[in-house]
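Working notes for the structure below.
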Amino acid sequence: MLAHQIPHTTRLIEWREIAPDVRHFIFEVPDLDQFDFIPGQFVSLSQNLNGKKITRAYSIASVPFGNNRFELCLNLVSEGIFSPFLFSMNPGDTCEMKGPHGLFVFRTPISDSVMVATGTGIAPFRPMLQYILPRDSEHQFTLVFGVRYEHSLLYMEEFEEMARQYPNFKFVSTVTRPTEAWKGNAGRVQQYVFDAIGARKNVDVYICGLKEMVNDVRDRCIKELGFDKKQVVYERYD
């Protein structure tokens, strides 16, 4: 059996609420000294619930630490089965984990990149940017993040700090249902994505979020802008 297919027990270390019904979880894999993965990959978590084994995939929201820990960013789906279980976990509780999996990682060689996220689709971009920005000052990286409400702009302070620290990184956020107090961009994420791409063709586009947004951005990049399919890397969250 391949290493990433071997099931492990993972144990919750701690969690913190980062938005209404959104938590940042820290897990460890007790039987491993080191859990290696590529920023952008995901793990599969499983648990027997209501007499049935349920498995769900979640993007890793942290860079590899050189130890056996990883972090996740999850939202509560109240009518769901698995997320209520995860939100009921206390530190020390365990479930089954397999991974890492996935090809939602930076292409080689790397190019200027526009990254598009909605909701918890932001999770893989956090480690991808934490990894690449200290190592690559030659390419331009733009993150366009769209949510319904401003309180859902997850890790916003971190991304704003990255934009201050790294001149080659731009962070664009937008809210579709802003309050009167919101002074930033409003509207759907797509309009800001294509502003970020502009007339360039030598750009890779990474998209993570719900199917409708992912499909729309992907199709427009390929059909309207003439991008090669390999330039558009995506992961759907539904």
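The values are calculated or read from the model by the stated rules, or taken from the named source; none is laboratory data. Model, not experiment: these values are computed from the prediction. Reconstructed Cβ throughout: ideal geometry from the backbone, glycine too, with neighbour counts over all protein chains shown.
Points to keep in mind about this one:
- Phe171 over 24 Å from Asp238 (Cβ atoms) and of a type in the set (Phe, Trp, Tyr): yes
- Whichever residue in the stretch 203-222 is part of a helix (DSSP H, G or I) and aliphatic (A, V, I, L, M) and, among such residues, is nearest to Pro109 (Cα to Cα): Ile222
So that you can scan it fast, the table gives a plain yes or no per residue for (1) part of a loop (DSSP other than H, G, I, E, B); (2) among the basic types (Lys, Arg):
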| position | (1), (2) |
| --- | --- |
| Leu143 | no, no |
| Leu154 | yes, no |
| Glu161 | no, no |
| Val172 | no, no |
| Lys183 | yes, yes |
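- Beta carbons closer than 7 Å, at least 6 apart along the sequence or on distinct chains, pair a first residue in the stretch 105-123 that is surrounded by 21 or more Cβ atoms within 10 Å (Cβ to Cβ) with a second that is part of a strand (DSSP E or B) and among the charged types (D, E, K, R) for Ser113/Asp204.
- Residues that are among the hydroxyl-bearing types (Ser, Thr, Tyr) and either assigned to a loop (DSSP other than H, G, I, E, B) or touching a His at 6+ places or on another chain (Cβ under 6 Å) (or both) within the stretch 41-73 comprise just one, Ser62.
- Any hit, the stretch 117-130, residues being touching a Gly at 6+ places or on another chain (Cβ under 9 Å), in a helix (DSSP H, G or I) and farther than 25 Å from Asp216 by Cβ: yes
- Taken together, the criteria place Gly102 among residues that are under 30 Å from Pro30 (Cβ atoms) and either modelled with pLDDT under 95 or not hydrophobic (A, V, I, L, M, F, W, C) (or both).
- Of all residues in the stretch 176-197 being free of Cβ contacts under 8 Å to residues at least 60 places away in the same chain and under 19 Å from Gln231 (Cβ atoms), the one that is surrounded by the most Cβ atoms within 10 Å (Cβ to Cβ): Tyr192
- For the stretch 62-99, the tally of residues that are in contact with an Asp or Glu (Cβ under 8 Å, 6 or more places away or on another chain) and of a type in the set (A, V, I, L, M) stands at 1.
- If only residues of the stretch 198-213 that are touching a residue at least 60 places away in the same chain (Cβ under 8 Å) and out of contact with any Asp or Glu (no Cβ under 6 Å at 6 or more places or on another chain) are counted, the one that is farthest from Phe42 (Cα to Cα) is Arg200.
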